[in-house]
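Only one structure is covered here, and it is reproduced in the block below.
The values are calculated or read from the model by the stated rules, or taken from the named source; none is laboratory data. Keep in mind it's a predicted model, so treat the numbers as computed, not measured. Cβ coordinates were reconstructed from backbone atoms using ideal geometry, including for glycine residues, and neighbour counts include every protein chain displayed.
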């Protein structure tokens with residue numbers, strides 16, 4: 001589990017195709033000094049397992065499921081990525097609960113500076129719209145952010161200077177692709193409400209048919 005508070009950025013050093021997935025490496029003193037094989041690291045919000053550590057380089061295997069659902073397929077040598085280590089027991093939950101399981105990718109419609117802040121609009125498939133609420137949480141490239149405005153298939157987010165400067169969100173521009181993880185609490189609530197609605201409809205139909 002993660003919190004959406006980015007601890008470091010790193011650069012992609014190598015990308016290798018491997019059995020339908022990928023093997024990637026990052027260059028990071030911070031990450032390499034704090035992990036070992038088997039540990040979890042969120043790379044742009046996607047939870048990946050450390051395969052091996054060689055000096056300041058850290059290697060990960062990436063499954064086809066992950067490449068299909070994330071922006072990892074767009075990575076090139078030198079791509080800057082956000083990194084967060086897994087939350088330790090007793091650690092502070094400073095952002096919100098982030099699982100590292102990317103739901104979908106989105107597209108930046110604009111990134112506008114408003115004095116010292118930056119406003120971004122992120123577009124995604126309309127089917128995910130029930131999972132976002134104004135002032136709710138969302139993770140963009142692994143960064144815990146607060147939603148300022150909700151549209152039919154987009155959200156507006158205001159990025160504070162610290163987050164802008166310390167993450168790869170400062171590189172975003174119109175057309176950029178980003179990883180999106182919606183709030184897990186919202187996803188559970190939506191599923192429970194959907195299942196409840198289905199049960200109510202089924203019961204109503206049975207009553208109308210005289211079977212109850």
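A few remarks follow.
- Scan of the stretch 3-36 for residues that are in a loop (DSSP other than H, G, I, E, B) and either in contact (Cβ under 8 Å) with a residue 40 or more places away in the chain or under 21 Å from residue 91 (Cα atoms) (or both), ordered by number: 3, 4, 5, 6, 7, 20, 28, 33, 34, 35, 36
- Residue match in the stretch 161-176 (condition: assigned to a strand (DSSP E or B), under 27 Å from residue 76 (Cβ atoms) and at pLDDT 95 or above): no
Rundown of residues vs (1) in contact with a helix residue (DSSP H, G or I) (Cβ under 8 Å, 6 or more places away or on another chain); (2) touching a residue at least 24 places away in the same chain (Cβ under 8 Å); (3) in the same structural domain as residue 184 (by TED's automatic domain parsing), yes/no style:
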{"residue": "50", "(1), (2), (3)": "no, no, no"}
{"residue": "58", "(1), (2), (3)": "yes, yes, no"}
{"residue": "63", "(1), (2), (3)": "no, yes, no"}
{"residue": "77", "(1), (2), (3)": "no, yes, no"}
{"residue": "90", "(1), (2), (3)": "no, no, no"}
{"residue": "115", "(1), (2), (3)": "no, no, yes"}
{"residue": "118", "(1), (2), (3)": "yes, yes, yes"}
{"residue": "121", "(1), (2), (3)": "no, yes, yes"}
{"residue": "125", "(1), (2), (3)": "no, yes, yes"}
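- Selection count, the stretch 53-93, where residues are more than 22 Å from residue 29 (Cα to Cα), touching a strand residue (DSSP E or B) at 6+ places or on another chain (Cβ under 8 Å) and part of a loop (DSSP other than H, G, I, E, B): 2
- Each residue in the stretch 37-52 was checked for being closer than 16 Å to residue 67 by Cβ and assigned to a loop (DSSP other than H, G, I, E, B), and 2 pass.
- Given (1) under 15 Å from the mean Cα position of the chain (by Cα); (2) at pLDDT 95 or above; (3) surrounded by fewer than 20 Cβ atoms within 10 Å (Cβ to Cβ), index of the condition residue 45 fails: (3)
- Residue within the stretch 135-143 that is part of a helix (DSSP H, G or I), touching a residue at least 60 places away in the same chain (Cβ under 8 Å) and not assigned by TED's automatic domain parsing to the domain that holds residue 15 present: no
- Pair list, Cβ under 6 Å, 6 or more apart: the stretch 148-159 residue closer than 13 Å to residue 125 by Cβ and not assigned by TED's automatic domain parsing to the domain that holds residue 172, other residue at pLDDT below 95 and in a strand (DSSP E or B): none
- Residues considered: 64, 51, 16. Of these, the only one that is surrounded by fewer than 22 Cβ atoms within 10 Å (Cβ to Cβ) and within 19 Å of the chain's Cα centre (by Cα) is 64.
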